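Colleague: Structure provided below as structure tokens; questions to follow.
The values are calculated or read from the model by the stated rules, or taken from the named source; none is laboratory data. On a predicted model such as this, the values are computed, not experimentally measured, just so you know. Counting neighbours? That spans all protein chains shown, and the Cβs are built from the backbone with ideal geometry, glycine included.
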């Protein structure tokens, strides 16, 4: 097995879209790929088997959360992250950068790292590029991410520039600290929606010659158009023969437009977060299962969907489970939503394969713009 | 198919225990049987497929809860209870009597029925034998129960007597009101731990010649010894050629002792209620998964258990999911616990089959008495 090998199986003639496959220590990932998020070692509301049945190839887990609880010693005592999660396919861990800057109370951002107060108990914790890499080495995911500074939107220019410089310096430390050949370390390009900064950051990161490149710092409030403008610009700057990963994205329309730009990997909490709240994704627009209009509705969430939820439960039954607060409601809609995203990726694959991707994408993007709420 | 046919396949030579099978409109039930409880149409924390995989043959649902929400009209609009629950095997509904007397604020107990305030919104609701039967006819379960008055423990003698008289009168009305041949209406014997009253109630109920007989009003605080003393006395009074059902019971020791007395059917919320709280049943005694002692424990909840939880997750991982409040924790321990109860029933079957039931039961009862908390 040639870990890290990324083959492009087909390039779309009319866009940046491509079909590929990436070899990891826990098997092959077909791209473009959507990764459900298992923040604390569990894709919320679902068992790993239910996740696997949606067709998910890889799960993202959060280093920040696992570092705080149960802690990396405890994960090691239980084997590794795969064992703890009962997931024997690929796992990607982010570096914790995003959570440090979004979830915790920052005490001090230094040139080397960040001191912050845990969002759980206020305990003071220090994280830097070296530690974040060592922690990820010990957690044992197949793909690990460089520690970076993720900026909010909007962000003053000087802070944006500082964050880019820090992220570049930290990425070098991550590469030096990285100690496991069976894990792929990806770099993260920052720079907000400033295209010049993005270009600079991409160029510097590319010098590190890492096995994959991510676009970070998007889907933080800049909106679909700003995001896609940035992705359209940045994706082609990244090495063509390496996987490109758009972090934390997103809505179906975001994914389609980003695949068109040449992005290969995505992750997002949307399918499960929305699922828990009774919000179901369908190709005809969102459904809110708590609505009284579904009370006597015998149809499934989405006609033709092959998920466990749609094959067995009516909208009326699912609404009932939400109204009476049964866990089954959140579980069922999460299953449907994760399967919806996997079916979306299947359609993307098929249309790239058939050479019909751009027409299909145009049609879907127009439809989703019209039926609302399927874009950021 | 001969709905209601109950065959005794084997009688234990040294106790009242027997192996049987009961034919229902949704298939055969092998007895002794334990029914997981799906109060509001869902066995809490589990999908119906997960319930089926434990070996569960039949689920109990609560008429009282389904009557309040979503309401019987809504269940009918969605098909029936089987369709709503996505469960195509047998279902038993209780009559609502127990919940009316335990959950709601009673406004008036009349000779005909009960007026009570819904535990959800205080709405005034009236339920009597005729309505409870009609509602159960419309919900469509395979086994339905007579509307009865369930007394607390302890209970003044005059109230106990009144409750027995009402339950007998109401059972006659239930039989007259019952309108579906594909549903089996079971009578419920009341009388607290007063053996004379129990005998009187049993004799009157037997006159109705119904297809099954339940012992109600136990597991309400009287303790294991009082319960078993009552069951030992009442079970043999009930028709030998009909299924006997001990309602709301119980702990493994209660079940074993009651099978010995000749009981065929059980239901209890214990496996799922305790599971949600991180309390796991094992043959060696209870495990509390939240305990810090499990933090680095790589062993499964129960060595040798064949459930999805034990085959895939360590105690340490399950503890982590509880500590960080992931739904996966409650789901996993519920799956294990329901499977534990099904494995208990399998062992009961095998030991009756092999003629070793009494010795096995003695050994188990001694063991459970010692390792604690496995009895009521």
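Colleague: Residue A:175 fails exactly one of the following numbered conditions: (1) more than 22 Å from residue A:144 (Cα to Cα); (2) without any contact (Cβ under 8 Å) to a residue 40 or more places away in the chain. What is the number of that condition?
Modeller: Result: residue A:175 fails condition (1) only.
Colleague: Next question. Report, by residue number, each residue of the stretch B:270-292 that is away from chain A (no Cβ under 13 Å) and more than 14 Å from residue B:337 (Cβ to Cβ).
Modeller: Answer for the stretch B:270-292, where residues must be away from chain A (no Cβ under 13 Å) and more than 14 Å from residue B:337 (Cβ to Cβ): B:284, B:291.
Colleague: Here's a check for you: in the stretch B:271-282, which residue that is buried (at least 23 other Cβ atoms within 10 Å of the Cβ) and touching a strand residue (DSSP E or B) at 6+ places or on another chain (Cβ under 9 Å) is nearest to residue B:333 (Cα to Cα)?
Modeller: Of all residues in the stretch B:271-282, those buried (at least 23 other Cβ atoms within 10 Å of the Cβ) come to B:271-272, B:275, B:280-281.
Filter again for touching a strand residue (DSSP E or B) at 6+ places or on another chain (Cβ under 9 Å), leaving B:271-272, B:280-281.
On the way: B:271: 8, B:272: 8, B:280: 6, B:281: 9 Å.
Per the stated criteria, the residue is B:280.
Colleague: What are the residues in the stretch A:291-317 that are assigned to a helix (DSSP H, G or I) and touching a residue at least 40 places away in the same chain (Cβ under 8 Å), if any? Steps first, answer last, please.
Modeller: Start the filter on the stretch A:291-317 by keeping residues that are assigned to a helix (DSSP H, G or I), which leaves A:292-294, A:308-312, A:315-317.
Matches in the stretch A:291-317: A:308 only.
Colleague: Considering (1) at pLDDT below 95; (2) away from every other protein chain (no Cβ under 14 Å); (3) out of contact with any helix residue (DSSP H, G or I) (no Cβ under 6 Å at 6 or more places or on another chain); (4) not in a strand (DSSP E or B), say which one residue A:151 fails and leave the rest.
Modeller: Failing condition for residue A:151: (3).
Colleague: Name every residue in the stretch B:23-38 that is surrounded by 24 or more Cβ atoms within 10 Å (Cβ to Cβ) and within 14 Å of chain A (Cβ to nearest Cβ), in order of residue number.
Modeller: B:36, B:38
Colleague: If I filter the stretch A:352-373 down to residues being surrounded by 14 or more Cβ atoms within 10 Å (Cβ to Cβ) and under 11 Å from residue A:256 (Cα atoms), which single residue comes out as farthest from the other protein chains (Cβ to nearest Cβ)?
Modeller: A:358
Colleague: Can you pull out every residue in the stretch A:311-330 that is touching a helix residue (DSSP H, G or I) at 6+ places or on another chain (Cβ under 6 Å) and over 16 Å from residue B:79 (Cβ atoms)?
Modeller: Residues satisfying the conditions are A:322, A:328, A:329, A:330.
Colleague: Looking at (1) within 14 Å of another protein chain (Cβ to nearest Cβ); (2) out of contact with any helix residue (DSSP H, G or I) (no Cβ under 6 Å at 6 or more places or on another chain); (3) surrounded by 21 or more Cβ atoms within 10 Å (Cβ to Cβ); (4) not in a loop (DSSP other than H, G, I, E, B), find the lone condition where residue A:340 falls short.
Modeller: For residue A:340, the exception is condition (1).
Colleague: Shifting gears a bit: Tell me yes or no: at least one residue of the stretch A:229-244 is out of contact with any helix residue (DSSP H, G or I) (no Cβ under 7 Å at 6 or more places or on another chain), surrounded by 16 or more Cβ atoms within 10 Å (Cβ to Cβ) and under 15 Å from residue A:148 (Cα atoms).
Modeller: no
Colleague: Further question: Taking residue B:221 as meeting all but one of (1) surrounded by fewer than 21 Cβ atoms within 10 Å (Cβ to Cβ); (2) in a loop (DSSP other than H, G, I, E, B); (3) more than 18 Å from the chain's Cα centre (by Cα), write down the number of the exception.
Modeller: Single failed check for residue B:221: (3).
Colleague: Determine whether the stretch A:291-303 contains at least one residue that is under 22 Å from residue A:253 (Cβ atoms), surrounded by 15 or more Cβ atoms within 10 Å (Cβ to Cβ) and more than 22 Å from the chain's Cα centre (by Cα). Lay out the reasoning, then the answer.
Modeller: Keep residues of the stretch A:291-303 that are under 22 Å from residue A:253 (Cβ atoms), which gives A:301-303.
Now restrict to residues that are surrounded by 15 or more Cβ atoms within 10 Å (Cβ to Cβ): A:301-302.
Adding the requirement that they be more than 22 Å from the chain's Cα centre (by Cα) leaves A:301-302.
Yes, there is a match, as at least one residue in the stretch A:291-303 is under 22 Å from residue A:253 (Cβ atoms), surrounded by 15 or more Cβ atoms within 10 Å (Cβ to Cβ) and more than 22 Å from the chain's Cα centre (by Cα).
Colleague: Now for a separate question. For the stretch B:332-376, what are the residues that are within 20 Å of the chain's Cα centre (by Cα) and under 30 Å from residue A:80 (Cβ atoms)?
Modeller: Result: B:333, B:334, B:335, B:336, B:337, B:338, B:339, B:340.
Colleague: Only one of these is in contact with a helix residue (DSSP H, G or I) (Cβ under 9 Å, 6 or more places away or on another chain) and within 12 Å of chain B (Cβ to nearest Cβ): A:41, A:55. Name it. Quick ask: steps written out before the conclusion?
Modeller: Details: A:55 fails: within 12 Å of chain B (Cβ to nearest Cβ).
None of the other options fit; the residue is A:41.
Colleague: When residue B:19 is evaluated against the numbered criteria (1) within 14 Å of chain A (Cβ to nearest Cβ); (2) in contact (Cβ under 8 Å) with a residue 40 or more places away in the chain, which criterion, by number, is the only one it fails?
Modeller: Only one criterion is unmet by residue B:19, namely (1).
Colleague: Would you check which residues across the stretch A:261-290 are in a loop (DSSP other than H, G, I, E, B), more than 19 Å from the chain's Cα centre (by Cα) and more than 13 Å from residue A:251 (Cα to Cα) and list them?
Modeller: Residues of the stretch A:261-290 that are in a loop (DSSP other than H, G, I, E, B), as a first pass: A:262-264, A:269, A:277-278, A:281-286, A:289-290.
Next, from what is left, pick out any that are more than 19 Å from the chain's Cα centre (by Cα): A:277-278, A:282-286, A:289-290.
A:277, A:278, A:284, A:289, A:290 - these are the residues of the stretch A:261-290 that are in a loop (DSSP other than H, G, I, E, B), more than 19 Å from the chain's Cα centre (by Cα) and more than 13 Å from residue A:251 (Cα to Cα).
Colleague: Now, a different point. Please specify each residue of the stretch B:318-333 satisfying the condition of being assigned to a helix (DSSP H, G or I) and at the interface with another protein chain (Cβ under 7 Å from one of its Cβ atoms).
Modeller: B:320, B:321, B:323, B:328, B:331
Colleague: Could you look through the stretch A:80-108, keep only residues that are without any contact (Cβ under 8 Å) to a residue 12 or more places away in the chain and touching a helix residue (DSSP H, G or I) at 6+ places or on another chain (Cβ under 9 Å), and pick out the one that is surrounded by the most Cβ atoms within 10 Å (Cβ to Cβ)? Walk me through how you get there before you give the answer.
Modeller: From the stretch A:80-108, those without any contact (Cβ under 8 Å) to a residue 12 or more places away in the chain are A:83, A:106, A:108; that's our starting set.
Filter once more, so that each one left must be touching a helix residue (DSSP H, G or I) at 6+ places or on another chain (Cβ under 9 Å): A:83, A:106.
On the way: A:83: 19, A:106: 11.
Once the filter is applied, the top-ranked residue is A:83.
Colleague: Which residue, of A:352, A:335, is in contact with a strand residue (DSSP E or B) (Cβ under 9 Å, 6 or more places away or on another chain) and at pLDDT 95 or above?
Modeller: Result of the check over A:352, A:335: A:352.
Colleague: State the number of residues belonging to the stretch B:1-22 that are out of contact with any helix residue (DSSP H, G or I) (no Cβ under 9 Å at 6 or more places or on another chain) and surrounded by 15 or more Cβ atoms within 10 Å (Cβ to Cβ). Break it down into steps so the answer makes sense when it comes.
Modeller: Within the stretch B:1-22, the subset out of contact with any helix residue (DSSP H, G or I) (no Cβ under 9 Å at 6 or more places or on another chain) is B:1-8, B:20-22.
Those still in the list that are surrounded by 15 or more Cβ atoms within 10 Å (Cβ to Cβ) too: B:3-4, B:6, B:8, B:20-22.
Selection size over the stretch B:1-22: 7.
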